[in-house]
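The values are calculated or read from the model by the stated rules, or taken from the named source; none is laboratory data. A quick note: this is a predicted structure, and the numbers were derived from the prediction, not measured. We place every Cβ from the backbone using ideal geometry, glycine too, and count neighbours over all the protein chains shown. All accessible areas refer to the heavy atoms of the entire protein, side chains included, with ligands and DNA or RNA removed. Shrake-Rupley method; radii C 1.70, N 1.55, O 1.52, S 1.80 Å.
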Amino acid sequence: MRAKVVSSLRRLAMANPFLTDLIFSVIVAGITVAFGFVLSGDAAELGYAQRPLDAVGVGLTLVTNLALAWRRRAPLTVLGICCATAIVLHAAGYDSRLNEAPPLLALYTVASRSRPLVSIPCALPVAVSWWHAAFLAPPAFTGMNIAQASLLIAVAWTFGNSTRMLVERNRRLGYLTERLHHEQDEKARRAVTEERVHIARELHDVVAHHMSVIVIQAGLARYVFASDPATARGALTTIADTGSEVMGEMRRLLSVLRIDADDEADGYDPAPGLQRLGPLVERVRSAGVPVQVSITGDVRPLPSGIDLCAYRVVQECLTNVLKHAGPATARVSLTYGAELELRVTDDGGGAAVKAKEGGHGLIGMRERVKLYKGTITAGAGPSGGFEVVVTLPLSSTEPDA
């Protein structure tokens, strides 16, 4: 039952703060008036009052306490009213022990809503009200009353200022929390976009290379189908092998979009790397483009990301040779050291340069290389044709953010 009452009062306070303050001030006013009538019997004999509590005293007491209902809306005005009416009540000869709490509560409200530059001076009228009442009390208690008044005023201001700082801190934390959520949403959207670009780049590399080989081999098989059945069968075999490989890579790529997090294995081959450079070169050779490969330095395993990047660059370059260079010979050079230098050149016609610069393949290569803090240059070779030179640092395996 008590929990329900407390919960109801809490909801009421949150829904209508003014109504809560009004109820509180009415209760405090009633208690203060009742307390005044109880003390009025011997207040004059003890030296706290010169006249008993009457209608005027009750009116001043009600004004002092009921003004607290507006303390959230006009804290400075309420503070002034509480201090002024308390001083008037005491100066009129009524009990000096009455109406001392409202100025303290008003000071607390001011300190909780205003900066110290405003709230500290507001403690002065409260001190005047309390000290005035202390001097009207019996002389034996004057010093103790002044010390007590000063301590209570300091405590009221300290609690109010602490409340203000807590509110400001909570407001700041709320702002930072909202900003953090916004940044997390932006990061998530950016990650989705980057992943879409990554998937699109992978699809382009896989489809462009393998389909170029398939188209060329299909054309060759159709051309020699009647005159050279053996060559046609070899071309069809290459088409079948290339199709199987591209299907495997497509399944591996698309499985990332649907695999469960707790699956132990996806059942597909790992991402390709330079260890599959041989089959790649053989496919291009079978499509009619001679490819020469040279490797310098100590061959060693590469980080998976750099390994895939290097493979895709070679794959894209050889695909461009197939599609744009015409009759040409391609050369692939790998140099292992502190950096991996990859150079792909061809001696095809110069007209191929413009075609390559305008396509998505070169853009994809630049994005891949930049991701791993590498450099790439592409353009006409020194002796004609086209040349792509890529340098990938091997000292850091982390891609650029």
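In square angstrom, what is the accessible area per residue of region 39-117 with a 1.4 angstrom probe?
Working: 3510 Å² over 79 residues.
In whole numbers, region 39-117 has 44 Å² accessible per residue.
For the ranges 226-237, 29-40, what's the packing order if you count other beta-carbon atoms within 10 Å of each residue, average per peptide, and put the highest first?
Details: 226-237: 13.5, 29-40: 15.8.
Packing proxy ranking, top to bottom: 29-40, 226-237.
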Practice task
Quote to one decimal, in nm, the extra length available between residue 124 and residue 304 on full extension: 0.36 nm per residue of separation minus the C-alpha distance between them.
Solution key: 57.5 nm
Exercise for the section: Once every Cα of region 1-159 carries one equal point scatterer and solvent is ignored, give the base-10 log of I(q)/I(0) from the Debye formula at q = 0.12, 0.14, 0.15, 0.17 Å⁻¹, two decimals. Expected result: -0.55, -0.72, -0.81, -0.99
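By how many nm would the segment from residue 73 to residue 244 grow when fully extended, if each residue of separation counts as 0.36 nm and the alpha-carbon distance is taken off?
Details: separation 171, 0.36 × 171 = 61.56 nm, distance 7.74 nm.
Result: 53.8 nm gained on full extension.
Kirkwood Rh over alpha-carbon pairs of region 94-197, then Stokes-Einstein at 4 °C and 1.567 mPa s: what D in µm² s⁻¹, rounded to an integer?
Working: Rh = 16.8 Å.
The Stokes-Einstein estimate is 77 µm²/s.
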Problem - Segments 185-192, 60-67, 49-56, 290-297 sorted - mean Cβ within 10 Å per residue, highest first - result: 60-67, 49-56, 290-297, 185-192
Handout entry: Geometric extent, Cα atoms of region 63-147 - Rg, Dmax (angstrom)
Key = 12.8, 40
Exercise for the section: In nm, give the distance between the simple-model label positions of residue 285 and residue 173, each being 7 Å from the Cα along the Cα-to-Cβ direction. Expected result: 6.9 nm
Exercise for the section: Treat each spin label as a single point 7 Å out from the Cα along the C-beta direction, and report the residue 335 to residue 186 distance in nm. Expected result: 4.2 nm
